[in-house]
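Chemist: Could you have a look at this structure, given as structure tokens, before my questions?
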Amino acid sequence: MDDRYLKSLQASLNLVPAHTWYADREGALTFVNQRCADYLGLSESDPFRFGLAAGGAWDSHIALLHPEDAERTRAVWSQCLRSGAAAEVSFRVRNADSRYRWFLSRAEPLLGADGTLVGWIGVNLDIDERERAKFYLAEGERLGNAGSWAFDGSGFEYWSPGLFQIHGLQPRVNAPSMPDYMAMVHPDSLDFVTQEFARMLTERAPFDFTMQIVRPDQAIRHVRFVGTPASDGDFARGFVGTGVDVTEQKEFTDELSRREWEFRQIVDLAPQLVAVMGPRFERIYVNRPALEYLGCSLEQWLGSGAGGQVYPDDRERLAAFKQDLSMNSASDIELRLPKYDGSHRWFLARFSPVCDDKGQVLRWYIACTDIEERKVAEDRLRHENVALREEIDKASMFEEIVGTSPALSAVLSRVSKVATTDSTVLISGETGTGKELVARAIHRRSRRSAMPFVAVNCAAIPADLVASELFGHEKGAFTGALQRRLGRFELAHGGTLFLDEVGELSQEIQISLLRILQEREFERVGGRETIRVDVRLIAASNRDLEKAVASGTFRRDLFYRLNVFPVEMPPLRERAEDIALLVEYFIDRYGRKSGKVFGRINKRTLERLKSYPWPGNVRELQNVIERSVIVCDSGEFKIDDSWLSSAKQDSPPMLPTSLAAHEKRIVEEALRACSGRVFGPAGAAIRLGIPRSTLESKIRALRIDKRVFRAAPKT
């Protein structure tokens, strides 16, 4: 029960001019009002005064009663708790002075909106000065709140003195006639009482109803009539029963109803959709804004399940959320609720539990705050970020592949086209040309960019461990396999696997790799379970795989599986135009790392770098720049020529002089015939039948100045 509701209930009980109390569903006493606490001699700070008592067993409460009344009271209240119905019993209670007084105690069940028992509210009326040994009806008559009657079918045959007193009449021998009695019935109850009397005579069944009467002094009282058909005696065709003045109880109940109405009014004014659910999310109440949003009445919501569904995409997530709800604190979830017009909006739903003293949930209070505008703004921002990220990706997917030369641009154009597919890519090229950078660029631009990119250098793994590295192994599969290990294929599931130096794999591994490419499944080393994976494969090699196929060291069928989309990285000597850009890029990169700033590049150094053939390609250039940045102490960047000359000794041998001269003469004749034009329909590359990049490389290697042929006449 809500704490505010309990405090309101306690405040109301303190106003009742009797001993009142509240007990939980099990009948354990948890609160007594001020009048009762003073009678029992409880201290000002006693938990029973504030509804903070822990309850407890019935024996601790019965110990306050007179020993002669204990068993009878226990029996009455045990039956009351089993049936869940109201009950009355009289007993003697010990006060602060250890003296006993008689009380007539009545307990009424307090039900929730769903009809479940929430607790018990009781009133103990002091009847000590009345006759102690008679039936409680006689005691009630003397107290003036109960009486007995007999009805013969046409009118009352008997009224006890207590009943006269309840109606404000002087006791006399004869009971009031039916016209006189009906004259005392309040106009608001007249039709109801008439119908009840008619039904009583027709059905001849037990009855129980409450009505209003108007006393001669114009005081309005609420009287509860309980009757049953008489089975013998002079009233064989009539009824006998009791009448009890329940005015105070009715006023108390009305006060509770009024406070509940006020509470609902407050909830209805809240700018949220509020629902009250039972322990298993049974529907109990929902406020007016929620009904307006759902487009149904409270009765429809309670009965037919209207408005009971969340947005389909959120149902599974909500079910998992409910299973993980904490009984000790509130929890939040964002979900979409359908509206009566078919649309839906985002809400932040807070689930707050209300538990009993045993930690069992009594109610779930769910408050849903509209966050549609916030979610729309978040979605807009996310879309803008995605668009911006795509734009940035388009511009920077090759941020580490620096260069604008035609040879490199042609490669990057092919990479951009294949990146968005799931096709297998085979990247070939000399060592140090940036094959892994191209593989990473393909992954970043693909639909798998949010998933792992796993790189494996096949040449760096010992031959007997390649299978374990790629496919994983089970515990005990071989000596040293102390636990299960996932292979690179499993780690790359959903993403991209890059196999560098794939030409170094053994024949056995090539067969296993072929199976994965065909079936998308494999088994761990030492395992029997077939594992399926979704991996995009990118392979790279600095070897000529076609020659390896011809020599029998590389499987032909695997080569065709890998060579779906070939990409050949040009060596740095074929893209001399990019050397200046690469030098600036690496100087800036390593300068920032070392905290150095270079204002200029030595002219001789730059020329030396441009003319060097770079057998180690970009990686060699990168190492030379990093080494030079470390040793340079001035603002001018320069390198030690000895670093290049030593490297030059390892460069590929040049063509013999006679062959080089012959090749130079052929190239010069083609350039002269094409007026110095290298590419295009009328270019020398077409005339010679070789790629443009190859011709550019030969022009630089043969030290031909193509500018001298631009004005020369054609031959």
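Chemist: Please work out if Phe48 is modelled with pLDDT under 75, crowded, with 17+ Cβ neighbours inside 10 Å and not small (Gly, Ala, Ser). If you could, list the steps in order and put the result at the bottom.
Modeler: Working: modelled with pLDDT under 75: yes; crowded, with 17+ Cβ neighbours inside 10 Å: yes; not small (Gly, Ala, Ser): yes.
It is true that Phe48 is modelled with pLDDT under 75, crowded, with 17+ Cβ neighbours inside 10 Å and not small (Gly, Ala, Ser).
Chemist: Additional query: Report yes if Asp500 is open to solvent by 10 Å² or more (accessible area, probe 1.4 Å) and under 22 Å from Val438 (Cα atoms), otherwise no.
Modeler: Numbers: open to solvent by 10 Å² or more (accessible area, probe 1.4 Å): yes; under 22 Å from Val438 (Cα atoms): yes.
Here the answer is yes, as Asp500 does meet what is asked.
Chemist: To continue, here is another question. Among all residue pairs at least 6 apart or on different chains, which show Cβ distances below 9 Å where the first residue, located in region 482-493, is modelled with pLDDT under 80 and the second is outside any loop (DSSP other than H, G, I, E, B)?
Modeler: Pairs found: Arg484/Gly472; Arg484/His473.
Chemist: Any residue in region 176-193 that is in contact (Cβ under 8 Å) with a residue 12 or more places away in the chain and under 15 Å from Arg215 (Cα atoms) sitting within a Cβ distance under 8 Å of a residue that is of a type in the set (Phe, Trp, Tyr) and open to solvent by less than 80 Å² (accessible area, probe 1.4 Å)? List the pairs, counting only those 6 or more apart or interchain.
Modeler: Pro176/Phe156; Pro176/Trp159; Tyr181/Phe156
Chemist: Since Leu465 meets every condition but one in (1) within 28 Å of Met569 (Cα to Cα); (2) out of contact with any Phe, Trp or Tyr (no Cβ under 9 Å at 6 or more places or on another chain); (3) in a helix (DSSP H, G or I), which condition does it not meet?
Modeler: (1)
Chemist: For the structure I just gave you, tell me whether Leu256 is more than 21 Å from Glu196 (Cβ to Cβ), in contact with a strand residue (DSSP E or B) (Cβ under 6 Å, 6 or more places away or on another chain) and at pLDDT below 85. Can you show your working first?
Modeler: On the way: more than 21 Å from Glu196 (Cβ to Cβ): yes; in contact with a strand residue (DSSP E or B) (Cβ under 6 Å, 6 or more places away or on another chain): no; at pLDDT below 85: yes.
Spelling it out, it is not the case that Leu256 is more than 21 Å from Glu196 (Cβ to Cβ), in contact with a strand residue (DSSP E or B) (Cβ under 6 Å, 6 or more places away or on another chain) and at pLDDT below 85.
Chemist: From the set of residues in region 14-45 that are out of contact with any Leu (no Cβ under 9 Å at 6 or more places or on another chain) and acidic (Asp, Glu), which is least open to solvent (accessible area, probe 1.4 Å)?
Modeler: This residue is Asp24.
Chemist: Restricting to region 433-486, give me the number of residues that are over 25 Å from Gly616 (Cα atoms), out of contact with any helix residue (DSSP H, G or I) (no Cβ under 8 Å at 6 or more places or on another chain) and acidic (Asp, Glu).
Modeler: The total comes to 2.
Chemist: Against the condition at pLDDT 85 or above and within 25 Å of Tyr560 (Cα to Cα), how does Ile442 come out, does it pass?
Modeler: Working: at pLDDT 85 or above: yes; within 25 Å of Tyr560 (Cα to Cα): yes.
Yes: the conditions hold for Ile442.
Chemist: To continue, here is another question. Of the numbered conditions (1) touching a residue at least 40 places away in the same chain (Cβ under 8 Å); (2) not in a helix (DSSP H, G or I), Arg447 fails exactly one; give the number of that condition.
Modeler: With respect to (1) touching a residue at least 40 places away in the same chain (Cβ under 8 Å); (2) not in a helix (DSSP H, G or I), Arg447 is out only on (1).
Chemist: In addition: Identify all residues within region 664-681 that are part of a helix (DSSP H, G or I) and touching a helix residue (DSSP H, G or I) at 6+ places or on another chain (Cβ under 8 Å); write none if there are none. Spell out the reasoning first.
Modeler: Of the residues in region 664-681, the ones part of a helix (DSSP H, G or I) are 664-673.
Across region 664-681, the qualifying residues are Ile666, Val667, Glu668, Ala670, Leu671, Arg672, Ala673.
Chemist: Also, quick follow-up: Any residue that is of a type outside the set (S, T, N, Q), at pLDDT 85 or above, open to solvent by 40 Å² or more (accessible area, probe 1.4 Å) and in a loop (DSSP other than H, G, I, E, B) - is there at least one of those in region 316-328?
Modeler: No, the conditions are met nowhere in region 316-328.
Chemist: For region 163-175, what are the residues that are within 19 Å of Thr228 (Cα to Cα) and without any contact (Cβ under 8 Å) to a residue 60 or more places away in the chain?
Modeler: Here is the first cut: in region 163-175, the residues within 19 Å of Thr228 (Cα to Cα) are 163, 175.
Result: Ala175, single match.
Chemist: Also: Within region 600-617, is even one residue touching an Asp or Glu at 6+ places or on another chain (Cβ under 8 Å), within 16 Å of Trp643 (Cβ to Cβ) and crowded, with 20+ Cβ neighbours inside 10 Å? Break it down into steps so the answer makes sense when it comes.
Modeler: Step one: filter region 600-617 for residues touching an Asp or Glu at 6+ places or on another chain (Cβ under 8 Å), giving 600-602, 608, 614-615, 617.
Of the ones still in play, those that are also within 16 Å of Trp643 (Cβ to Cβ) are 601-602, 608, 614-615, 617.
Next cut, crowded, with 20+ Cβ neighbours inside 10 Å only: 614, 617.
Yes, some residue in region 600-617 is touching an Asp or Glu at 6+ places or on another chain (Cβ under 8 Å), within 16 Å of Trp643 (Cβ to Cβ) and crowded, with 20+ Cβ neighbours inside 10 Å.
Chemist: Do you know which of the residues in region 519-577 that are part of a strand (DSSP E or B) and basic (Lys, Arg) is nearest to Thr420 (Cα to Cα)? Explain how you work it out, then say what you get.
Modeler: First pass over region 519-577, keeping only residues part of a strand (DSSP E or B): 521-523, 525, 530-532, 536-541, 565-568.
So of that shortlist, the ones also basic (Lys, Arg) come out as 532, 536.
Numbers: Arg532: 23, Arg536: 11 Å.
If we take residues in region 519-577 being part of a strand (DSSP E or B) and basic (Lys, Arg), then Arg536 is nearest to Thr420 (Cα to Cα).
Chemist: With the structure loaded, tell me whether Ser634 is without any contact (Cβ under 8 Å) to a residue 24 or more places away in the chain, within 19 Å of Glu696 (Cα to Cα) and among the polar types (S, T, N, Q) or whether it fails that test. Let's see the steps before the verdict.
Modeler: Values: without any contact (Cβ under 8 Å) to a residue 24 or more places away in the chain: yes; within 19 Å of Glu696 (Cα to Cα): no; among the polar types (S, T, N, Q): yes.
When the stated conditions are applied, Ser634 does not pass them.
Chemist: For region 594-642, enumerate the residues that are assigned to a helix (DSSP H, G or I), of a type in the set (Asp, Glu) and either within 13 Å of Ala580 (Cα to Cα) or at pLDDT below 85 (or both). It would help to see each step written out before you state the result.
Modeler: Narrowing region 594-642 to residues assigned to a helix (DSSP H, G or I): 594, 603-611, 617-631, 641-642.
Subset that is of a type in the set (Asp, Glu): 607, 620, 626, 641.
If the condition is that a residue be assigned to a helix (DSSP H, G or I), of a type in the set (Asp, Glu) and either within 13 Å of Ala580 (Cα to Cα) or at pLDDT below 85 (or both), then Glu607, Asp641 are the ones that fit.
Yes/no matrix, rows are residues, columns are (1) open to solvent by 60 Å² or more (accessible area, probe 1.4 Å); (2) on the phi > 0 side of the Ramachandran plot; (3) β-branched (Val, Ile, Thr):
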| position | (1), (2), (3) |
| --- | --- |
| Glu282 | yes, no, no |
| Val286 | no, no, yes |
| Leu302 | yes, no, no |
| Ser343 | no, no, no |
| Ala349 | no, no, no |
| Ala367 | no, no, no |
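Chemist: Looking at region 166-177, which of the residues that are under 17 Å from Ala150 (Cα atoms) and open to solvent by 30 Å² or more (accessible area, probe 1.4 Å) is modelled with the highest pLDDT?
Modeler: So in region 166-177, the residues under 17 Å from Ala150 (Cα atoms) come out as 166-167, 171-177.
Pick out the ones that are also open to solvent by 30 Å² or more (accessible area, probe 1.4 Å) and you get 171-174, 177.
Values: Pro171: 82, Arg172: 80, Val173: 72, Asn174: 82, Ser177: 87.
That would be Ser177.
Chemist: Something else: Just one of Gly503, Gly429, Gly480 is of a type in the set (Gly, Ala, Ser) and farther than 19 Å from Leu558 by Cα; which is it? Even if it seems obvious, please write down each step before you answer.
Modeler: On the way: Gly503 fails: farther than 19 Å from Leu558 by Cα; Gly429 fails: farther than 19 Å from Leu558 by Cα.
The conditions single out Gly480.
Chemist: Which members of region 643-657 meet the condition of being open to solvent by less than 50 Å² (accessible area, probe 1.4 Å) and either aliphatic (A, V, I, L, M) or at pLDDT 85 or above (or both)?
Modeler: Going residue by residue through region 643-657, those that are open to solvent by less than 50 Å² (accessible area, probe 1.4 Å) are 644, 647, 651.
Within region 643-657, Leu644, Ala647 meet the criteria.
Chemist: Please state which one of Tyr590, Tyr585 is of a type in the set (Ser, Thr, Tyr), in a helix (DSSP H, G or I) and open to solvent by 50 Å² or more (accessible area, probe 1.4 Å).
Modeler: Tyr585
Chemist: Regarding Arg374, is this residue surrounded by 17 or more Cβ atoms within 10 Å (Cβ to Cβ) and among the charged types (D, E, K, R)?
Modeler: Numbers: surrounded by 17 or more Cβ atoms within 10 Å (Cβ to Cβ): no; among the charged types (D, E, K, R): yes.
It is false that Arg374 is surrounded by 17 or more Cβ atoms within 10 Å (Cβ to Cβ) and among the charged types (D, E, K, R).
Chemist: Tally time: how many residues in region 129-163 are touching an Asp or Glu at 6+ places or on another chain (Cβ under 7 Å) and at pLDDT below 50?
Modeler: 5
Chemist: I'm trying to understand the selection: among the residues of region 178-216, which are at pLDDT below 90, farther than 28 Å from Ala85 by Cβ and surrounded by fewer than 11 Cβ atoms within 10 Å (Cβ to Cβ)?
Modeler: Once the filter is applied, which keeps residues that are at pLDDT below 90, farther than 28 Å from Ala85 by Cβ and surrounded by fewer than 11 Cβ atoms within 10 Å (Cβ to Cβ), region 178-216 yields only Pro179.
Chemist: Among the residues of region 389-399, is there at least one that is under 30 Å from the mean Cα position of the chain (by Cα) and either at pLDDT below 85 or in a helix (DSSP H, G or I) (or both)?
Modeler: Residues of region 389-399 under 30 Å from the mean Cα position of the chain (by Cα): 389-390.
Then keep just the ones that are either at pLDDT below 85 or in a helix (DSSP H, G or I) (or both); that gives 389-390.
Yes: one or more hits.
Chemist: I want to confirm something. Restricting to region 75-118 and keeping residues that are of a type in the set (D, E, K, R) and under 22 Å from Cys36 (Cα atoms), which single residue is surrounded by the fewest Cβ atoms within 10 Å (Cβ to Cβ)? Reasoning before the result, please.
Modeler: Here is the first cut: in region 75-118, the ones of a type in the set (D, E, K, R) are 82, 88, 92, 94, 97, 99, 101, 106, 108, 114.
The next check asks that each one be under 22 Å from Cys36 (Cα atoms); those that pass are 88, 92, 94, 97, 99, 101, 106, 108.
Numbers: Glu88: 17, Arg92: 19, Arg94: 16, Asp97: 7, Arg99: 10, Arg101: 16, Arg106: 20, Glu108: 16.
Per the stated criteria, the residue is Asp97.
Chemist: So, one more: Considering only residues of region 427-443 that are open to solvent by 10 Å² or more (accessible area, probe 1.4 Å) and farther than 11 Å from Leu572 by Cα, which is nearest to the chain's Cα centre (by Cα)?
Modeler: Top of the filtered list is His443.
Chemist: Can you tell me which residues in region 552-582 are of a type in the set (Val, Ile, Thr) and either open to solvent by 40 Å² or more (accessible area, probe 1.4 Å) or modelled with pLDDT of 90 or more (or both)?
Modeler: If we filter region 552-582 for residues that are of a type in the set (Val, Ile, Thr), which is where we start, we get 553, 564, 567, 579.
Thr553, Val564, Val567 - these are the residues of region 552-582 that are of a type in the set (Val, Ile, Thr) and either open to solvent by 40 Å² or more (accessible area, probe 1.4 Å) or modelled with pLDDT of 90 or more (or both).
The values are calculated or read from the model by the stated rules, or taken from the named source; none is laboratory data. From a predicted model like this one, the values you see are computed outputs, not experimental measurements. Methodologically, a virtual Cβ is constructed for each residue, glycine included, from the backbone with ideal geometry; neighbour enumeration extends over all protein chains shown. We work out accessible area using only protein heavy atoms, side chains counted, and drop any ligands, DNA or RNA first. Shrake-Rupley method; radii C 1.70, N 1.55, O 1.52, S 1.80 Å.
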